[in-house]
Every structure is written in structure tokens, then in C-alpha cells.
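Undergrad: Attaching a single structure in C-alpha cells format; questions to follow.
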Amino acid sequence: MPTTLLWFRRDLRLHDHPALLAARDAAGPEGDVVPVFVFDDRLYGPSGEPRRRFLLDCLTALDADLDGALVLRSGDPAEVLPGLAWEVAASSVHVSADTGPYGRRRDDAVEQALGDVPLVRTGSPYLVTPGRVTTRTGTPFQVFSPFARAWREHGWRAPAGSPDGVRWRTGVRSDAPPPAPDLGDVVLPPAGEQAALAAWAQFRDERLSGYDEGRNTPGTNGTSRLSPYLKYGCLHPRTLVADLAGEPTEAVRRYTDELAWRDFYADVLWHRPESAREYLKPELQGMGYDSGPDAEALVRAWETGRTGFPIVDAGMRQLLGEAYVHNRVRMIVASFLVKDLHQEWTRGARYFMQHLVDGDLASNQHGWQWVAGTGTDASPYYRVFNPITQGKKFDPDGAYVKRWVPELRDLDPKHVHEPWTAPGGIPAGYPEPVVDHAHERQVSLDRYARVRAG
Ligand SMILES: Cc1cc2nc3c(=O)[nH]c(=O)nc-3n(C[C@H](O)[C@H](O)[C@H](O)COP(=O)(O)OP(=O)(O)OC[C@H]3O[C@@H](n4cnc5c(N)ncnc54)[C@H](O)[C@@H]3O)c2cc1C
């Protein structure tokens, strides 16, 4: 009786899953599919605790959807997969393609190790698989807008059909999963495909129409909060855009644009895998950064949300409280670390990857490079976010700051972003600003001018 393996990675769902259908079809009407997830220390080890916990919870949900058939194994996939394929006499191993730098190397190694058993890649976690959209001359796009135009023109497939008729093999031995990290008070979203689809339906029905405005106001629940689900493939972006087809509103266009950013950054990483660590604008490599005990104390203030700049502190406390930060605030806190505290973007990117539940190499590293002015797009280095004006503009009533910084809850909104202007001064327990923003901005610009002058 034919048996195939379905190796789950960043596609922890059963619906709209082309690789799952390929595994079913290869097994045939009489055959079985063995669903497996491999804990690979190279990926699992460096993940921060929120991501590990969310992944474990997603696997529990997936196993429930599979009626307990999910096989868990631990080790190097290039050893585990051939071993399991032999054990269950699998004729093929099916995956959704991984286009990240490590995933590509790992899959090549697994493919080799499998020998005669083919590793079949069907679909990817993106609307358009990285590498597919290129300029007319076949080179990769360097900036977002022309990429997005070509990406829309390229288009994407309809969602994959229903997973009916799969015979999941049960009773295959599993390794015990790693222990679940205790996150203390950190509140993560509910895990798994059902939770993802419910979150999407709620956003679509209740908040999408206001997305154009709401996506920039961190004090309102204006965005979809789907990033952890997209990261682990609890749903596919194709499902979302298919659901929106025929609704050509500005909000829908804007939402699809955000999904295009996700594809764009994955495309950049596919073409330039070194950009996970190295500057996309190498001429800025020689920027001067601060070090020593005083600089470390400032970084610590940033990490713990005690810089004395309310919107920055609210963002960093949201990161520690929910393992998530609103997009506008990600830009503000990142700019503050790089241009007010003069730290290299890689340091902030590492900290985010440790603490974000949606931490994703392509979106995170390139988001940081964008803010630092070292990346693909036209956010120049000399664009320095002013945390006070950003706060006043995007959190005008102070709702976001008040939610995350309880010391400032009693302030009149007009003082929330500048608590030192409040009649009674800075409320007890809240720090004074750790730097003078105007001064640090100038320091950054001077360093930028020097590095540009060579
Ligand atoms: C410094 C920095 C670091 C970031 N790190 C990550 C990260 O590790 N993981 C991550 O998923 N996103 C990251 N982003 C992008 C963005 O902040 C998040 O995707 C977004 O805040 C997630 O919230 P949401 O699902 O409610 O977004 P929505 O506004 O509802 O957007 C829908 C989806 O579009 C995608 N998206 C939206 N904005 C972006 C963007 N700028 N770049 C890439 N994809 C986007 C996400 O998948 C998101 O879930 C980062 C941005 C910055 C500036």
C-alpha cells in the first residue's frame, strides 16, 4: 500500500495546502499519508521563547485537527526524514518550499540524503513564490513600488482544494516534544488554524473597512494581528485575498499591499540571503556606533521600556507583554535604538527576534534595515523619527501609551507624550528622558555625513 510523508514546517494547517494535496494524490486512494514535524535544533534552539511556545501550541492544535496522527521527531532533518521514510516505506516526501537561507540548504541536504525517495516541493508560504517576479531584464527588484506593481500583474493561484479523502496513518512513534517555555504574564494569541481563520473572519467583518486609517493608530485595534499565523502558516495569504476578491476598496488595496511587503522582503532574502546579517547598502557599514557601560545602560532602558519617551516605552513594554508591537511603533522604537542610542540595527533585530511571536527573518531584518536606512527602499538614513511628534500624531489621545505605561494613565492627553510638561511634572516612577532627541539626531546626521564622505 503506497505511503507518502507530509513534512510540516511553516504550513501548520490542513486547508489551502497544495503540498498536502500532492502527498494525498501521490499516496493514491488506497495509500496513507504520514504527517510529521521535526524539531530541528538549528531553528528551534535560537527561536525566542514566545515563538517556541506558539509553535508548540500550533502543533498541539494541528495534531487535534489530525485526530492525533501528527508524528513528532527531533534531530537533524537530513537524518530524521530518511530514517522515517524507510520506517514507513514512504515513496515520496512532500513539503511547501522554504525559501529562506537555512531552509534552502537544509532541504537540499534532506533531498540528497533521501536518495531515491523524491523530496517534492509544492507551493510556498507566499502569494508569489520568491524569485518569480523580476524586472523585464530578469534582475531582482530593489524597491517596493515597482515590485508590488509587477507582483499584482503576476497574480496568484486560487486557494487549493479541500483536503478530503486523506488517509492519515496513525500509530507511528513520536518523540516527546521539548518542554513548553513558561512565559509568565506574556499573553499570546490562541494558536492553530481554527484560531487563525476566526481571527481573520473577525478582522474582515469588523475592522477591515477602517484599515486604511486604523493601521496607523496603535491605540485602536486597527490591524489584523495575523502575523504569527502567517509566520507559521496557520493560514495562507491566498485564502485572505481570495476572500477579498471583488472588493476593490481602498482598505482592501492597502491590506493587500501589506501582504506584498511580506512577499517583497522574502524575495529580497531569496536573492540576497546575506541580507539577513549584512547591510544592503554596504557604504553604511562603516557607521560609528556607541559602546561601553553608558551605552549599555541606555540599551537596557530601551529593552525594558524605561527611556522616558512614552511612545518608545509603550512599544517596548508591548513587546514584553504581548510578544508583539504595532507596525508604526516598531518603526519608532527601531529608529530610537539606531538613531538616538546609536546602536547597530542588527542588535535591535536580534532583540526583536528573541521576543516577537511573529519574528520572521525576512520581514524583521529588512524592517530594521528600512528604518536604519541601510535597506532596499527609499527610507533614507537621515529620516529620524521624532518620538514626541510621532506619538502626538499617531496616538493623539494617548490611549496606546496609557495602556502600556500605567505611570502616565492619569495625565491629560495633551501631556502624555511629553510628561515633563504636565503641571505636576513627570509622574512618580516614570523616568526622565534618557537622551536629548534633538542632540542625538544631530549626532546621527554628523556620523552619516562622515561615512558618506568616506
Ligand atoms: C523593525 C520592524 C520589524 C518587523 N519585524 C517583523 C517580523 O519579525 N515579522 C513580521 O511578520 N513582520 C514584521 N514587521 C512588519 C510589521 O510590523 C508586522 O508584520 C505587523 O505589525 C504585524 O501586525 P498585523 O498582522 O496586525 O499587520 P497588518 O497590518 O494586519 O498586515 C497584514 C499582514 O501583512 C504583513 N505585513 C504588514 N506590514 C508588513 C511589513 N512592513 N513588512 C512585511 N510584512 C508586513 C504581515 O504578514 C501582516 O500580518 C516588522 C516591521 C518593522 C518596522
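Every number here is computed from the coordinates shown, using simple stated rules; none is lab data. This one's a predicted model, so the numbers in the text were calculated from it and none came from an experiment. Positions of Cβ are generated from backbone atoms using ideal geometry, with glycine treated the same way; all protein chains shown enter the neighbour counts.
Undergrad: How many nm is it between the label spots at residue 154 and residue 135, if each spot is 7 Å from the Cα in line with the beta carbon?
TA: In this crude label model, residue 154 to residue 135 measures out at 1.6 nm.
Undergrad: How long are the three semi-axes of the equivalent ellipsoid for the chain, computed from the Cα gyration tensor as the root of 5 times each eigenvalue, in whole Å, largest first? Intermediate values should be presented prior to the final figure.
TA: Working: eigenvalues 338, 111, 97 Å².
Working through the eigenvalues yields semi-axes of 41, 24, 22 Å.
Undergrad: I would also like to ask the following. At q = 0.15, 0.16, 0.27, 0.28 Å⁻¹, what is the base-10 log of I(q)/I(0) for the stretch 368-431 according to the Debye formula with one equal point scatterer per Cα and no solvent? Please give it to two decimals.
TA: Result of the Debye calculation: -0.56, -0.61, -1.06, -1.12.
Undergrad: Using 23 Å as the Cα-Cα cut-off, could you pick out the over-long pairs in 231/339; 339/393; 393/414? Could the numbers behind the result be given before it?
TA: Numbers: 231/339 29 Å; 339/393 20 Å; 393/414 11 Å.
Those over the limit are 231/339.
Undergrad: So what is the relative contact order for the chain, in percent, with contacts set as C-alpha pairs under 8 Å and at least six apart? Before the final figure, lay out each step's value.
TA: Numbers: 756 pairs, mean separation 78.7, N = 454.
That works out to 17 percent.
Undergrad: Here's another thing I want to ask about it. Pop out the ³J(HN,Hα) list for the stretch 127-144 in order, Karplus 6.51 cos²θ - 1.76 cosθ + 1.60 with θ = phi - 60°, rounded to Hz; leave Gly and Pro as x.
TA: 5, 10, 4, x, x, 6, 8, 9, 5, 4, 8, x, 8, x, 6, 9, 10, 5
Undergrad: What angle do you read, to the nearest 10 degrees and between 0 and 90, between the alpha-carbon axis of helix 18-27 and the longest principal axis of the chain?
TA: 10
Undergrad: For the stretch 106-117, just list the computed ³J(HN,Hα) in residue order, Karplus coefficients 6.51, -1.76 and 1.60, θ = phi - 60°, integers in Hz, with x standing in for Gly and Pro.
TA: Running phi through 6.51 cos²θ - 1.76 cosθ + 1.60 with θ = phi - 60° gives 4, 5, 4, 5, 5, 4, 4, 5, 6, x, 6, 8 Hz.
Undergrad: Shifting gears a bit: Once amide H atoms are placed 1.01 Å from N in the peptide plane, what residues at a sequence separation of 5 or more from residue 94, or on another chain, have their amide H within under 5 Å of its amide H?
TA: Long-range HN contacts for residue 94: 5, 6, 7, 120.
Undergrad: Of the options 373, 439, 357, report the single residue whose Cα projects farthest towards the positive end of the charge dipole of the stretch 282-452 (beta-carbon charges: Lys, Arg +1; Asp, Glu -1).
TA: Going by the charge dipole, the pick is 373.
Undergrad: May I ask for the angle, rounded to the nearest 10°, between helix 293-304 and the longest principal axis of the chain, with both axes built from Cα atoms and the value confined to 0 to 90°?
TA: 60
Undergrad: How much net charge surrounds residue 166 when only the other residues with a Cβ under 12 Å from the Cβ of residue 166 are counted, with Lys and Arg +1 and Asp and Glu -1? If you can, show how the numbers build up before the last one.
TA: Details: positive: 24, 167, 169; negative: 25, 32, 65, 67, 164.
Cβ neighbours under 12 Å give a net charge of -2.
Undergrad: Moving on to the next point. Lys and Arg at +1, Asp and Glu at -1: add these up for the other residues within a Cβ distance under 13 Å of residue 242 and post the number. Before the final figure, lay out the partial values.
TA: Working: positive: 157, 204, 238; negative: 16, 243, 247.
Taking every Cβ under 13 Å from that of residue 242, the sum is 0.
Undergrad: Angle between the Cα long axis of helix 437-452 and the longest principal axis of the chain, 0 to 90 degrees, nearest 10?
TA: 60
Undergrad: Which aspartates and glutamates does residue 402 reach when only Cα atoms under 20 Å apart count, and residues fewer than 8 places away in its own chain are ignored?
TA: Within the straight-line cut-off, residue 402 pairs with 185, 303, 313, 322, 410, 412, 418, 432.
Undergrad: Would you mind pulling out the separation of the Cα centroids of the stretch 170-237 and the stretch 353-406, in Å?
TA: Answer, in whole Å: 20.
Undergrad: Continuing with the same structure: Quick one: Karplus J couplings for the stretch 76-89, per residue in order, coefficients 6.51, -1.76, 1.60, θ = phi - 60°, nearest Hz, x for Gly and Pro?
TA: 6, x, 5, 9, 5, 5, x, x, 5, 4, 5, 4, 9, 6
Undergrad: Averaged over every viewing direction, what's the projected area of the C-alpha convex hull for the stretch 282-452? Give it in nm², one decimal, please. Walk me through the numbers on the way to the answer.
TA: Numbers: hull surface 38.3 nm².
Over every viewing direction, the Cα hull of the stretch 282-452 projects on average to 9.6 nm².
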